[in-house]
1. Look at L470 and say whether it is at pLDDT below 95, in the same structural domain as V338 (by TED's automatic domain parsing), assigned to a loop (DSSP other than H, G, I, E, B) and among the hydrophobic types (A, V, I, L, M, F, W, C).
2. Does K344 meet the test of being out of contact with any helix residue (DSSP H, G or I) (no Cβ under 7 Å at 6 or more places or on another chain) and among the basic types (K, R)?
3. Can you tell me which residues in the range 98-121 are more than 18 Å from H64 (Cβ to Cβ), in contact (Cβ under 8 Å) with a residue 40 or more places away in the chain and in a loop (DSSP other than H, G, I, E, B)?
4. Looking only at helices (runs of 4 or more DSSP H) that lie completely in the range 346-395, which have at least 3 residues being in contact with a Lys or Arg (Cβ under 7 Å, 6 or more places away or on another chain)?
5. Given (1) under 26 Å from the mean Cα position of the chain (by Cα); (2) part of a strand (DSSP E or B); (3) not aromatic (F, W, Y), identify the lone condition not met by V135.
6. For S7, work out the one condition from (1) over 30 Å from N175 (Cα atoms); (2) polar (S, T, N, Q); (3) not assigned by TED's automatic domain parsing to the domain that holds I62 it doesn't fulfil.
7. Just to be sure I understand the filter: pairs with C-beta atoms under 8 Å, separated by 6 or more residues or on different chains, first member in the range 84-97 and assigned by TED's automatic domain parsing to the domain that holds I68, second member at pLDDT 95 or above and surrounded by fewer than 14 Cβ atoms within 10 Å (Cβ to Cβ). Which pairs pass?
8. Could you check the range 1-79 for helices (runs of 4 or more DSSP H) lying wholly inside it with 2 or more residues that are within 19 Å of I116 (Cα to Cα)?
Amino acid sequence: MSHEAISVFDMFKIGVGPSSSHTLGPWRAAQRFTASLQQKNIMDSVKDIQILLYGSLAKTGIGHGTDIAVQLGLSGDDPVTFNVNNINPKMTDIKQMKKILLAGKHEIDFDPSEDIEFLFSESLPYHPNALTFLVSLTNGDTIAETYYSIGGGFVVKEGEDNNAKAEVTLPFPINTANDLLHWCMKTGMNISDVVLENENSWRSEKETRDGVLNIWRVMAECIYRGCHADGMLPGGLQVKRRGAGLNKKLVNGKNYHDYQSWLTIIQQGGNDFKYILDWVSCFALAVNEENASFGRVVTAPTNGAAGVIPAVLQYYIAFCDGNTEEKITQFLLTAAEVGSIFKKGATISAAMGGCQAEIGVSSAMAAAALTECMGGTQRQVLMAAEIAMEHHLGMTCDPIGGLVQIPCIERNTMGAIKAITASQLALQSSPDYAKVSLDGVIKTMWDTALDMNSKYKETADGGLAVNVPLSLSEC
């Protein structure tokens, strides 16, 4: 059976905001390009380099920090480990010195204002998020490589065989929701158990569990950090951060000193509906305000939708019975599998499918994960994912000023609440009576993406981006 093998660590990647497709992807593409130069043993022969940004990468590249990400990638910095506090100083050094140290080894002349070109009116056919690296060598030869950032930090090189990962033989090959349900029914296993067995094809079970818990550690740190950071978001829109203010109001003067003591205070506040609703919104706001500030986040499955899954998982930990390593692992494994099915059957790129492909997918992932952890059957889990996506169909991506701020940040709060609602609906329903399948809604999402006008696909050419009296010149 032909299938695409996608790991949980493909869906959840640690990186830097504000965008997985416009920041993390180009960063990884630049890293891959310098690695290619080193593999060919021509790094020391590079005389100069030029970067061409096409389509959506050009139109919203400044707001997403695409130019910054490319420079960091070329410099040999890694998004998982690079100290985000050093981004601005490093960009200032490159701009003032007009030099860049490729892969941290070979210095060349480089002026970002001249050597990074935004081709606003040009787009390549394979994907709207394209960038080309052009290099001149000291012997007069030239090299050109084109990469596509296809969403969620996934990067494809033009002309490359992208089926290498499919060579991994999984015990339970899955392309569709129906495939997943087939294996669950055949084995009697939960979705997370099926996923864990597949992950064993890449690494030991302990490595997978440790890695998943590390993903949650980064998510939790992001929530906590965002709940304690005041001020304005960068970019010129003068968007005030709200997570810290809401957190301060909700904790109501109680003292704490770290994440665990903060969590205890949250739990002591009770289970009033409005109280829980405020906290879910606070969790999501915190993550995406960090994302908008070039903070460290986890693609879930993208940066623009990075707040939904952490917010719902934090809700499950704080207000349900989810504060165990086993439950956290179960949640993230289930979420990852549902996300991978959306990627295989449609897209997780807003530049391809609008915001339905980001917030919609993340809400479906979170709904499925919460449903399994709350004791739902396998069919109820898939039903929850379908419900969540069904009510995001057609959502456009129209970021004001090309920034991942308005409406992106608030949309994460909506996606989280919809996920919880979808889970509750599924848990209180019988899938026997469901009229729409998860595979059916995924196909519908892709059909909708194909029909959607390109100006609503992360270009800032339509919707709120043109109907709110703010311009790119203000950013």
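The values are calculated or read from the model by the stated rules, or taken from the named source; none is laboratory data. Keep in mind that this is a model prediction, so the values were computed, not measured. Counting neighbours? That spans all protein chains shown, and the Cβs are built from the backbone with ideal geometry, glycine included.
1. Details: at pLDDT below 95: yes; in the same structural domain as V338 (by TED's automatic domain parsing): yes; assigned to a loop (DSSP other than H, G, I, E, B): yes; among the hydrophobic types (A, V, I, L, M, F, W, C): yes.
Yes, satisfied.
2. Values: out of contact with any helix residue (DSSP H, G or I) (no Cβ under 7 Å at 6 or more places or on another chain): yes; among the basic types (K, R): yes.
Yes, satisfied.
3. Passing the criteria: A103, K105, F110.
4. Details: elements: 350-353, 359-373, 378-390.
Output list reads 350-353, 359-373.
5. (1)
6. S7 satisfies all of (1) over 30 Å from N175 (Cα atoms); (2) polar (S, T, N, Q); (3) not assigned by TED's automatic domain parsing to the domain that holds I62 except (1).
7. From the range 84-97, the pairs are K95/S113.
8. Details: elements: 8-11, 25-39, 55-59, 61-64, 66-74.
Ranges flagged: 25-39, 55-59, 61-64, 66-74.
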